[in-house]
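Inspection log for the structure reproduced underneath, given as structure tokens.
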Amino acid sequence: MSAPTAQNAGSPGPAGNTENARAALEALRAEIAKAVVGQDPAVTGLVVALLCRGHVLLEGVPGVAKTLLVRALAASLELDTKRVQFTPDLMPSDITGSLVYDSRTSEFSFQPGPVFTHLLLADEINRTPPKTQSSLLEAMEERQITVDGVARPLPDPFLVAATQNPVEYEGTYPLPEAQLDRFLLKLTVPLPSRDDEINVLTRHAEGFDPRDLRAAGVRPVAGPADLAAARDAVAKTSVSPEIAGYVVDICRTTRESPSLSLGVSPRGATALLSTARAWAWLTGRDYVIPDDVKALALPTLRHRVQLRPEAEMEGVTADSVITAILAHVPVPR
């Protein structure tokens, strides 16, 4: 399918059509690939999060294009994006905004912070203290910011893409389980393969500048209207009682696993069903099958479980436990 042009991507006519909306979102992969090499699963995860009105935790070592990925997504979707570098001295008002006194009018006026955007990149979120981390909770859950008793709504769509480094823990503040549970997906951004890394170096040798996405040819291929039409279609994707039972059985089994001290909550089960519906729609179906649930189980559940210390010492990972559970739970037919 051919991608819609930037001119008609945000128009209410074609974008209101479900097939056009799906084609527009499918075109994101090709468009983002002009700037980011070999990260299709992360791109798909970000699109799923947008469809589900959720947020994403991106985990990967420095230099694997986490920031570039979010910027390229925003450029391809005709959305605004802002970046906040989380540091130990960052204050909550640096994110949400604050009241500023105007001496000319003798009144306080609200100056919005960087959270007032469509895609907020919270870079190295685990480097700032819990007080500042928690300032994002209301924004993520309620999609609004309350300052001086006044609730101020955030733009729609609104997505927080937070990054963290999985190997450097000195001077960091790990996110508590309650806050991790607010993220719809936890996506791992791996090191590229040898061929992909050669491709990256070749692009840079030919003059690619990651700070200038327009020069790299990245153009809007979808807009807010496409996203709204897609969300409406996802909401109509049917779920059979058998699929709902399958999701519940997977989540309940995590609570009984001897390797886990914390299993998936009912909120996690709801999240898995939501992401499976979005994936089903993206692949061209208006109903969910067990493979949709399996496809999204790891990114949706891996951050919602907690390993027992003895299991960690034996080299067990959250991914390996969930994979074993998927192999054990009977699949509906």
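Residue pairs whose Cβ atoms lie under 7 Å apart, separated by 6 or more positions or on different chains, with the first residue in segment 238-249 and modelled with pLDDT of 95 or more and the second surrounded by 14 or more Cβ atoms within 10 Å (Cβ to Cβ) and of a type in the set (Gly, Ala, Ser), are Val247/Ala269; Val248/Ala269.
Assess whether Leu272 counts as being free of Cβ contacts under 8 Å to residues at least 40 places away in the same chain and open to solvent by less than 20 Å² (accessible area, probe 1.4 Å). The answer is yes for Leu272. All of Ile250, Ile198 fail the test of being out of contact with any Pro (no Cβ under 8 Å at 6 or more places or on another chain) and open to solvent by less than 10 Å² (accessible area, probe 1.4 Å), apart from Ile250. When segment 51-107 is filtered for residues that are part of a loop (DSSP other than H, G, I, E, B), of a type in the set (Val, Ile, Thr) and over 20 Å from the mean Cα position of the chain (by Cα), the ones remaining, listed by number, are Thr87, Thr105. Once segment 111-138 is narrowed to residues that are open to solvent by 40 Å² or more (accessible area, probe 1.4 Å) and in a strand (DSSP E or B), the residue that is farthest from Thr172 (Cα to Cα) is Gln111. Inspection of segment 139-153 finds no residue satisfying the criterion of being assigned to a strand (DSSP E or B), among the acidic types (Asp, Glu) and free of Cβ contacts under 8 Å to residues at least 60 places away in the same chain.
Within segment 31-50, take every residue that is open to solvent by 10 Å² or more (accessible area, probe 1.4 Å), assigned to a helix (DSSP H, G or I) and not β-branched (Val, Ile, Thr) and give me the one that is nearest to Ile198 (Cα to Cα). Going through the qualifying residues, I end up with Asp40.
Taking each residue of segment 208-227 that is at positive phi and looking for partners that are in a loop (DSSP other than H, G, I, E, B) and open to solvent by 40 Å² or more (accessible area, probe 1.4 Å) with beta-carbon atoms closer than 8 Å, six or more apart or interchain, yields Gly217/Lys34.
The values are calculated or read from the model by the stated rules, or taken from the named source; none is laboratory data. All figures in this text were calculated on a predicted structure; none of them were measured in a lab. As a convention, Cβ positions derive from the backbone with ideal geometry for all residues, glycine included, and neighbour counts pool all protein chains shown. To get the accessible areas, we keep the full protein, side chains included, count just its heavy atoms, and leave off ligands, DNA and RNA. Shrake-Rupley method; radii C 1.70, N 1.55, O 1.52, S 1.80 Å.
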